[in-house]
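K.L.:
Have a look at this one.
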Amino acid sequence: MIVRTYNDWYQEHKKLLMQKVESEDHSKGAELSAEVVPYSHLKNHMLSEDENADIVIACDDDGELDDLAQILIKDYFAAHPDINLLYGDEDRVAEDGVHLDPWFKTEWAPDTFLSTFYFGNIIAFRSAAFAMINPGKRKASYYESASSLRADTLEELRARSNEDDWPVRAWIYGTLCLKLAQADGGYTKRPADHWDEFPVGHIPEVLFHGDHRVELWNGNLIKDSLTGRYNVNSAATRLISIIIPSKDNPEMLARCVHSIENHANVPHEIIIVDNGSNPENRRKVQQLTDEINEDGRCIYIYKRGPFNMPAFYNRGAQYANGEMLLFVHDDVVVQKTGWLSHLSEKAKLPYVGAVGMKLLYPSSNIIQHAGIMSVEEGIVYKLQYCRNDESYYFDFNKGVRNMLAMSGACLMVRTELFNEVGGFDEENFPAYGGDIDFCLRIFERGYYNVVRNNMYLFYYESYSPENSKTREERQLQKPREMQLLRELHPELAGHDPYYHQYLTQDAREPRFRINLEDTSVK
């Protein structure tokens, strides 16, 4: 069969998946009982007086489970006794039976979860785990009035008739799934010796077929979570050290610094690292420093040397006084007040690693950076050159996302974490890859890196004189450093937990597309 569409791919893939399932032993999974409950009935079902099966499989009312879903889910729970909550992939089936709109999801992504309910239309959890968020196994009749129960029933009826189902969604999202994820360590650092294992399970196969195109559940459904909701006031208690390398680029540096000053309303200091500007440009940078240094908030470090961005960042960090370090290229321009607070609100959290931000090409709506992924062919900037005013792959470019790595053009990290990983590797990655290696080392220690695609900066990379001057030399070093990345991080070379294994592995493809050439079961 020639595979031209997702429907073709799915049919061929399903045949291979069926063969795999038929060849496996399912005796352990068969020992677990399971029941399927529609989302609209889930709250009342869990709070009822009835005894629940070992596993509750909950899904949207509009659609149906795949015929392999129960087998795969019970087998997964049997093989992972420490996992209490999991989710799967899904698609949509049109009236003519054609499969459309596949949603291939990432592994557990705690900050993505706070941005949107990416579990979508299919979840499963152990009934016994419900006690973790319902102490004493209280039933609805123990603490809810009859009128409250009647109200829940009305909510259920409204949901079934596709009317306002906000209360039902809020309970599933913010009370059930969020609390289960928190109880299972979903918002704590993963153990360094098991950094590649996640506390919430994911079955990377299509388990649910919806009747309609997916409607994302917004993070506003979560109320009063303890996982770093944005608070502009709390950022005022932390000093942020902003480290900006620059050489012979005083005009662009001044634009960068002034944009920071105009849009920074929290305590910060600026550290300029200059690796050899000529005397005239050095004088201009000193003058810029004096302009903003009346209260001692700016440090100017001058030391001649070759281009080595990791070395510049490490040098600036040695002079930093802040609890947070923000590394910024001198050709970045800030657009909106609040950006520092939004960065630090994530970076302050103990389970979070490095935090970056979406970057647009200057004075445009074109994405330059929305997160870095690892595919079989190498490192790829997903959605590069795509329009930011459009939505891609279930709003990937609009929310807060967990990613393997982000661009060093704007990267924040706690000072203690910077020291824990030993800073940037200036010996192995002087030209390319230092920011990626830094992020991967953080991820391999069990932290979750974050890119804020709900905010953006302008990045004038191609306009920088220093970049233009050294580009040819750096380009010659790029293949060696990219290969070294693969050698130093073999487990993540071509295997990205935040990029699904069934999506294209072509590094030249910026969008999220199915790898139609490979229908095998991974």
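K.L.:
How many residues are open to solvent by 10 Å² or more (accessible area, probe 1.4 Å) and either among the hydroxyl-bearing types (S, T, Y) or touching a residue at least 60 places away in the same chain (Cβ under 8 Å) (or both) if we restrict to region 267-277?
P.N.:
1
K.L.:
While we're looking at this one, here's another question. Limited to region 348-399, what total is found for residues that are within 25 Å of E491 (Cα to Cα) and part of a strand (DSSP E or B)?
P.N.:
14
K.L.:
Show the residue pairs that are 6+ apart or on different chains and have beta-carbon atoms under 7 Å apart, the first residue being within region 439-458 and within 16 Å of S341 (Cβ to Cβ) and touching a residue at least 60 places away in the same chain (Cβ under 8 Å), the second being part of a loop (DSSP other than H, G, I, E, B) and aromatic (F, W, Y).
P.N.:
none
K.L.:
Ok, one more. Between a first residue in region 22-36 that is under 10 Å from Q70 (Cα atoms) and at pLDDT 95 or above and a second residue that is open to solvent by 60 Å² or more (accessible area, probe 1.4 Å) and part of a helix (DSSP H, G or I), which pairs have beta carbons less than 6 Å apart while being 6 or more apart in sequence or on different chains?
P.N.:
Within 6 Å, the pairs are A34/Q70.
K.L.:
Taking the conditions exactly as written (modelled with pLDDT under 95 and either of a type in the set (D, E, K, R) or open to solvent by less than 10 Å² (accessible area, probe 1.4 Å) (or both)), does E280 satisfy them or not?
P.N.:
Criteria not met by E280.
K.L.:
Any residue in region 212-234 that is assigned to a strand (DSSP E or B), modelled with pLDDT under 95 and open to solvent by 40 Å² or more (accessible area, probe 1.4 Å)?
P.N.:
Scanning region 212-234 turns up at least one residue that is assigned to a strand (DSSP E or B), modelled with pLDDT under 95 and open to solvent by 40 Å² or more (accessible area, probe 1.4 Å).
The rows are residues; the columns are (1) open to solvent by less than 20 Å² (accessible area, probe 1.4 Å); (2) charged (D, E, K, R); (3) closer than 30 Å to G423 by Cβ.
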{"site": "V352", "(1), (2), (3)": "yes, no, yes"}
{"site": "S363", "(1), (2), (3)": "no, no, no"}
{"site": "I379", "(1), (2), (3)": "no, no, yes"}
{"site": "A405", "(1), (2), (3)": "yes, no, yes"}
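K.L.:
Please list, ordered by first then second residue, the pairs with beta carbon atoms under 6 Å, 6 or more apart or interchain, first in region 285-309 and touching a residue at least 24 places away in the same chain (Cβ under 8 Å) and surrounded by 15 or more Cβ atoms within 10 Å (Cβ to Cβ), second β-branched (V, I, T) and not in a loop (DSSP other than H, G, I, E, B).
P.N.:
C298/I270; C298/T289; I299/I271; Y300/I272; Y300/T289; I301/V273; F307/T470
K.L.:
A further question on this structure: Could you check, for region 344-367, whether at least one of its residues is more than 17 Å from A264 (Cβ to Cβ), modelled with pLDDT under 90 and in contact with a strand residue (DSSP E or B) (Cβ under 8 Å, 6 or more places away or on another chain)?
P.N.:
Looking for residues that are more than 17 Å from A264 (Cβ to Cβ), modelled with pLDDT under 90 and in contact with a strand residue (DSSP E or B) (Cβ under 8 Å, 6 or more places away or on another chain), one finds at least one in region 344-367, hence yes.
K.L.:
Follow-up. Tally the residues that are open to solvent by less than 30 Å² (accessible area, probe 1.4 Å) and small (G, A, S), restricting the search to region 63-90.
P.N.:
Number satisfying all stated conditions: 3.
K.L.:
Right, here's the next one. What is the residue count in region 55-68 for residues that are among the hydrophobic types (A, V, I, L, M, F, W, C) and either on the phi > 0 side of the Ramachandran plot or more than 26 Å from the chain's Cα centre (by Cα) (or both)?
P.N.:
The qualifying residues number 4.
K.L.:
If you take the residues in region 477-519 that are open to solvent by 40 Å² or more (accessible area, probe 1.4 Å), in contact (Cβ under 8 Å) with a residue 24 or more places away in the chain and more than 24 Å from V451 (Cβ to Cβ), which one is farthest from the chain's Cα centre (by Cα)?
P.N.:
Across region 477-519, the extreme among qualifying residues is Q477.
K.L.:
So for region 506-518 (the condition being closer than 26 Å to S391 by Cβ and in contact with a Pro (Cβ under 8 Å, 6 or more places away or on another chain)), does at least one residue qualify?
P.N.:
yes
K.L.:
Just checking, which of E323, E345 is open to solvent by less than 60 Å² (accessible area, probe 1.4 Å) and of a type in the set (D, E, K, R)?
P.N.:
Checking each option against the conditions leaves just E345.
K.L.:
Out of all the residues in region 409-417, is one or more in contact (Cβ under 8 Å) with a residue 24 or more places away in the chain, in contact with a His (Cβ under 6 Å, 6 or more places away or on another chain) and open to solvent by less than 10 Å² (accessible area, probe 1.4 Å)?
P.N.:
The answer is yes, given that some residue of region 409-417 is in contact (Cβ under 8 Å) with a residue 24 or more places away in the chain, in contact with a His (Cβ under 6 Å, 6 or more places away or on another chain) and open to solvent by less than 10 Å² (accessible area, probe 1.4 Å).
K.L.:
Kindly indicate whether any position in region 101-122 is open to solvent by 60 Å² or more (accessible area, probe 1.4 Å) and at pLDDT 90 or above.
P.N.:
Scanning region 101-122 turns up no residue that is open to solvent by 60 Å² or more (accessible area, probe 1.4 Å) and at pLDDT 90 or above.
The values are calculated or read from the model by the stated rules, or taken from the named source; none is laboratory data. Keep in mind that what you see is a predicted model, and the values were worked out from it rather than measured. FYI the Cβ positions are ideal-geometry reconstructions off the backbone, even for glycines, and counts take in every protein chain you see. Keep in mind that these areas ignore ligands, DNA and RNA; they rest on the heavy atoms of the full protein, side chains included. Shrake-Rupley method; radii C 1.70, N 1.55, O 1.52, S 1.80 Å.
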